[in-house]
1. Choose one answer from A61, A105, A132: the residue with the largest mean-square fluctuation in a GNM of the chain with alpha-carbon springs under 10 Å.
2. Distance between Cα centroids, region 24-60 to region 166-185: provide it in whole Å.
3. Which value results when the Cα radius of gyration for region 126-196 is divided by 2.2 N^0.38 Å?
4. How big is region 6-65 in terms of Cα radius of gyration and Dmax, in angstroms?
5. With the convex hull built on the Cα atoms of region 4-122, state its orientation-averaged projected area in nm².
6. Given an 8 Å cut-off on Cα distances and at least 6 residues of separation, report the relative contact order of the chain as a percent.
7. Considering only DSSP beta bridges where both residues belong to the chain, give the percentage that are antiparallel (nearest 5).
8. Ranking request for peptides 10-20, 138-148: highest mean number of other beta-carbon atoms within 10 Å first, then the rest in descending order.
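Throughout, read-outs are computed from the coordinates displayed, never taken from laboratory work. Note that the structure is predicted; figures quoted are calculated from it, not measured. In this analysis, Cβ positions are derived from the backbone assuming ideal geometry, glycine residues included, and neighbour counts consider all displayed protein chains.
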Amino acid sequence: MKPVVALDVSKGKSTIVIYDQKRCIFEGEINHCQADFESLRKRMILLEQQKGQRPEIVFEATGVYSMALEKFLQDRGYIYCRLNPLEAKLQTAAMRRNKTDKSDAHELAKTHFKINRKPMFQQDTYYNQMRALSRYYDEVDEELIQLRGKMHAILQLSFPELERMITPSSALFLNIVQLYPQPSFLLVHSKTVIEIA
């Protein structure tokens with residue numbers, strides 16, 4: 001039976017426990033920094049040399065907080081099980097008495113001996129970057145939609161005729177709104193000045 005390294009990840013740090021043959025042989029905490037990740041790697045190398053096999057690693061996904069740990073594991077070629085928070089809660093619910101970072105790490109390790117968890121599929125970095133860029137694009141697109149809606153509402157109060165004269169999605173429309181947010185600003189200029197703008 002392989003040894004298990006279980007981590008309870010939180011903001012900037014992780015509680016770590018190492019189990020061998022269903023008993024805890026190490027308990028500690030690491031900060032999410034290069035030095036602490038390196039000490040974790042050395043500990044896992046030593047464990048691998050003693051047991052003759054790489055330890056199984058399990059942790060609960062915690063959004064951006066677990067990304068540093070995941071990147072470290074991927075860069076070093078470790079295979080790991082990243083659990084969805086709901087999945088982790090359901091798997092450890094029967095064993096959990098009181099919730100703390102230490103108890104969560106211990107429960108993850110104990111249940112790992114009982115539950116056959118599938119390791120994470122290691123996807124190429126290119127696809128992870130494309131997924132991140134796609135999410136970012138969607139966020140920016142959603143912000144633009146909201147801003148256009150707000151601008152439309154404000155222009156209905158200050159300059160409603162403008163949308164009938166120029167297409168609201170055009171660059172010209174945005175330039176006119178920026179220069180002349182209300183009709184009174186147009187009245188102080190001559191037609192030639194407005195045409196140049």
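1. With Cα springs under 10 Å in the chain, the top fluctuation among A61, A105, A132 is at A132.
2. 60
3. Compactness ratio reported: 1.52.
4. Final numbers for Rg and Dmax: 11.8, 33 Å.
5. Details: hull surface 27.5 nm².
Approximately 6.9 nm², given one-decimal rounding.
6. 18
7. Working: 15 of 23 bridges.
Once the DSSP bridges in the chain are tallied, antiparallel ones form about 65 percent.
8. Put in order of decreasing packing, that is 10-20, 138-148.
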